[in-house]
Structures are given as structure tokens and as C-alpha cells.
Amino acid sequence: MSGNPDGKFPRILVPEVLDGLDANHPEAIRSRRDLRVIDVFLRGTVWIRNRTRREGELRRGGVVELGAGDGRLCRGLAADADGEPVTGLDLVPRPAGLPATVQWRSGNFFETLREVSGEIVVGSLILHHFEGAGLEALGRELRRFRVMVFSEPWRSRCALGLSALASPFAGRVTRHDMPASIRAGFRRGELAQFLLGGGEGWKIEESIWPCGALRFQAWRDI
């Protein structure tokens, strides 16, 4: 693909600074605030909520969020729900102020995922934290859901350029973690291969949000 300047852009994972900070550390608090601003531009929360609203009856079986963090997406999913269960999975304890209708499981979601049920699984900026073997193992767990909806960093030089423009307005942690996330992100076709072994039996849609997000949807009829 000599005409594609991103044709040779290998996926590289390095530890992100935020992952090693206590949740109450001032730099962690600043980084989470930066992430909320970044989400406004990537529109990950908005897109995931819009996508799950379309599922109608399937929502009654429950929506599960991987890496639910501060609970903001869970809060939005609960606001959209009409009594349907919403469950957040994360290492951190249940965030304060979550609606009582949101269930929460603290711990490694590779383990807690087995304790919950649902028809739809979602996540925002979470899958890029894992190597290929981890994603393949996660995919084997996720295939019991009927619908997958994920917004992840788009691995591209365009996204890296945009992150460089945003860096002067971000904290120290975000200035490191933002380009690191992009280099660990995904290009079209990769998530289908990692999570679904290529996607046989699944319908898949992927799109690029130009501000730096790859949007992945997969669903099966049976």
C-alpha cells in the first residue's frame, strides 16, 4: 500500500501513566477531566448511547460496560433505559452518585464478566489497553453477547497530529497517555480479527470519526 502514508504503522503498547496513579492523585483527577474533554471531541459516549438506543427489545436483556471508570457512560445508559439493567465493570470501586438502577462489579473484568449477564456489551477507550492475545481471550468471553459496541483510538498519523495540537491544553499525564493510546489503537478490520476471529456469523460495521476514533459494531441474529 505504497500510496497510504499510514500503511506501515504498527500497533505499539506502552504503559499509560494514569493506570499507575491512585484515583485520588491530583494528576489522575486532572487526567480524568482531560478525558471528559477528549470524549466531547471523539463523541464516544454520545455515539454509544445512540447506538444502544437502536437495539429496542435487546436492551431488556441488559447492557454491560467494560472499563466503566467514573461511571459517566453507565449514567447515560441508565438515563436512556426504561427499566432495563445496566452494569458497569471496572477495577475501581463504585463511583459516588450512580443511580440505584446501575449495577457495579469491581475487579478485573476478565473475571467479573463471568458473573454478569446481558445482551449488549459496550466500551469506550478500553480495548486498546490489551495485547492481541488478551483481546482474543476477551473476545471468546464477549461472543455470548448479541451486540458489541466499542469506540477506540484510531491508530493514524492524522490522530497523532490532532493530539499534538491538543497537548498544550492538557495535563502532564494526558500529554503522555494521549499519543500512547493512539499508537495502541486500531485500524479497520483489526478488532473483528481480535475479538471475533475474523467475524464469521457476525455482521460488522466500522467507521472513522475524523477527530480520532474508530467505531466498531458487531451483532448476530441468533
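The values are calculated or read from the model by the stated rules, or taken from the named source; none is laboratory data. Computed from a prediction, not measured in an experiment: that's the story for all the values here. Counting neighbours? That spans all protein chains shown, and the Cβs are built from the backbone with ideal geometry, glycine included.
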Revision key, fill the gap. Flagged in segment 44-65 as in contact with a helix residue (DSSP H, G or I) (Cβ under 9 Å, 6 or more places away or on another chain), within 16 Å of E152 (Cβ to Cβ) and assigned to a helix (DSSP H, G or I), in numbering order, are G44, T45, V46, I48
Exercise for review: Answer yes or no: is there a residue in segment 66-75 that is without any contact (Cβ under 8 Å) to a residue 24 or more places away in the chain and in a loop (DSSP other than H, G, I, E, B).
Suggested key: no
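The rows are residues; the columns are (1) under 22 Å from G67 (Cα atoms); (2) under 19 Å from the mean Cα position of the chain (by Cα).
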residue	(1), (2)
V147	yes, yes
S163	no, yes
R187	yes, yes
A192	yes, yes
L196	yes, yes
W202	no, no
P210	no, yes
A213	yes, yes
Q217	yes, yes
Study note, to complete from the structure: In the set R105, R94, the lone residue that is farther than 27 Å from L162 by Cα, among the charged types (D, E, K, R) and part of a strand (DSSP E or B) is R105
Practice item. Could you look through segment 20-32, keep only residues that are free of Cβ contacts under 8 Å to residues at least 60 places away in the same chain and in a helix (DSSP H, G or I), and pick out the one that is surrounded by the most Cβ atoms within 10 Å (Cβ to Cβ)? Key: R32
Practice item. Evaluate segment 168-177: report whether one residue or more is part of a strand (DSSP E or B) and surrounded by 19 or more Cβ atoms within 10 Å (Cβ to Cβ). Key: no
Check your understanding: What are the pairs, 6+ residues apart or on separate chains, where a residue within segment 204-222 that is loosely packed, with under 14 Cβ neighbours inside 10 Å has its Cβ under 8 Å from a residue that is at pLDDT 95 or above and of a type in the set (F, W, Y)?
Key -> E205/F216
Revision key, fill the gap. From the option list P15, P85, single residue qualifying as crowded, with 16+ Cβ neighbours inside 10 Å and either farther than 21 Å from R215 by Cα or within 15 Å of the chain's Cα centre (by Cα) (or both) is P85
Check your understanding: Which number in (1) at pLDDT 95 or above; (2) crowded, with 22+ Cβ neighbours inside 10 Å marks the one condition that W104 misses?
Key -> (2)
Point to revise | M148 under 23 Å from R72 (Cβ atoms), touching a Leu at 6+ places or on another chain (Cβ under 8 Å) and either in contact (Cβ under 8 Å) with a residue 60 or more places away in the chain or in a strand (DSSP E or B) (or both) | key: yes
Point to revise | Flag if R175 is over 16 Å from C74 (Cβ atoms) and free of Cβ contacts under 8 Å to residues at least 12 places away in the same chain | key: yes
Check your understanding: Name the residues in segment 114-140 that are closer than 22 Å to E57 by Cα and either hydrophobic (A, V, I, L, M, F, W, C) or within 16 Å of the chain's Cα centre (by Cα) (or both), would you?
Key -> V116, I120, V121, V122, G123
Check your understanding: Could you count how many residues in segment 98-122 are small (G, A, S) and free of Cβ contacts under 8 Å to residues at least 24 places away in the same chain?
Key -> 3
Review point. Which numbered condition trips up R49, out of (1) over 15 Å from the mean Cα position of the chain (by Cα); (2) under 22 Å from S207 (Cα atoms)?
Key: (1)
Check your understanding: Among the candidates G201, G185, G189, which residue alone is touching a residue at least 12 places away in the same chain (Cβ under 8 Å), touching a Lys or Arg at 6+ places or on another chain (Cβ under 9 Å) and surrounded by fewer than 18 Cβ atoms within 10 Å (Cβ to Cβ)?
Key -> G201
